[in-house]
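Read the structure below first, then the notes.
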Amino acid sequence: MIVSEDSAIAASKTAYTEMLKPYAEKGEIDNDPVLKNRVYKITGRLIAQAIKIRPETKNWDWSIKIIDDPETVNAWAMAGGKMALYTGLIEKIKPSDDELAQVLGHEIGHALAKHSAEKMSVAMASQVGVMAVGIATKSNGLALTGASLAAALAVQMPNSRAAESEADRIGIELAAKAGYDPHAAVTLWEKMAKVGGKRPPEFFSTHPAPEHREQKLASLIPQMMPYYEQKGTRPVYNLN
Ligand SMILES: [Zn+2]
């Protein structure tokens, strides 16, 4: 890995702000208070569990923003816990809270497992970043260079199937510990696979399905149930 996690986090911070800017200028970020409340609550519970797994991540400037784009079925996470969720995922998948927790847990899993730093390394090494400057600046109006551009590109690059399996595994555990039913991991992916129409969800281009995804997740349910069934209140990380 040529991009360290620390530099990936710093670059992602700049990239995140820049990527959200065009939406923010159009008032397309977090503009549905009910949805915002729902997503922040679920994400806050998941982050609290993520911090238990990797305590140093309590110093991350965790963030989730909801992008009002009803045609895009997608979600992503950058290094340092900078995440985005597109309203298309809500509108087309119609996830329950348990299912939404699986999507967000999966994204947090990528961040915890440093997958974006890996992808940034690929982008830098292959000079995809350099080649894509023109495209990125034209299509997204991104004023990014170097590592920040690589961070922006990394969220558009596919994860490896191994990274997908790892994020699935972390995601279902975070969700169960945060009080969300692990059975929802299976129903989420079933729903996701059914969304078709003109094009498959963007989510699948960046999160390619590992072989037997649903079966693998189903096999994890028994060991997740004790976390899910634990009594008592669950901690919440305060997002704003
Ligand atoms: Zn993924």
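Quick look at the values:
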quantity	calculated
Rg/Rg_globular for region 1-131, with Rg_globular taken as 2.2 N^0.38 Å and Rg from C-alpha atoms	1.06
Where only alpha carbons of region 1-56 are counted, the Rg and the Dmax (Å)	14.9, 41
DSSP-defined antiparallel bridges as percent of all bridges, the chain, nearest 5	50 percent
Spin-label model distance (nm) - residue 205 vs residue 26, 7 Å beyond Cα toward Cβ	1.7 nm
For region 158-178 and region 2-22, distance of Cα centres in Å	22 Å
Candidate lysines for bridging to residue 13, where Cα separation is under 17 Å - those fewer than 8 sequence places away on the same chain excluded	21, 58, 65, 82, 114, 119
Cα centre as origin, Lys/Arg/Asp/Glu Cβ charges: the chain dipole, Debye	140 debye
Å² per residue, accessible surface of the chain at 1.4 Å	46 Å²
Tail fraction, Cα-Cα pairs, region 190-240, threshold 18 Å, whole percent	58 percent
Probe 1.4 Å - accessible area at residue 221, Å² to nearest ten	20 Å²
Residue-averaged [θ]222 nm for the chain, counting only DSSP H segments that reach four residues, each worth -39500 (n - 2.57)	-20000 deg cm²/dmol
Candidates 52, 13, 41: whichever shows maximal mean-square fluctuation once the chain is modelled as a Gaussian network with Cα springs under 10 Å	52
Projected label distance in nm at residue 194 and residue 218, using a 7 Å step from Cα toward the beta-carbon	1.5 nm
Efficiency of FRET from Cβ geometry, residue 230 and residue 35, R₀ 22 Å, rounded to 0.05	0.20
Computed log₁₀ I(q)/I(0) - Debye formula, equal Cα scatterers, no solvent, the chain, q 0.12, 0.17 Å⁻¹	-0.63, -1.33
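The values are calculated or read from the model by the stated rules, or taken from the named source; none is laboratory data. Bear in mind that the values here come from a model prediction, so they are computed numbers and not experimental data. Ideal geometry is used to build each Cβ from the backbone, glycine not excepted, and the neighbour counts take in all protein chains shown. Note: areas computed on protein heavy atoms with side chains; ligands, DNA, RNA excluded. Shrake-Rupley method; radii C 1.70, N 1.55, O 1.52, S 1.80 Å.
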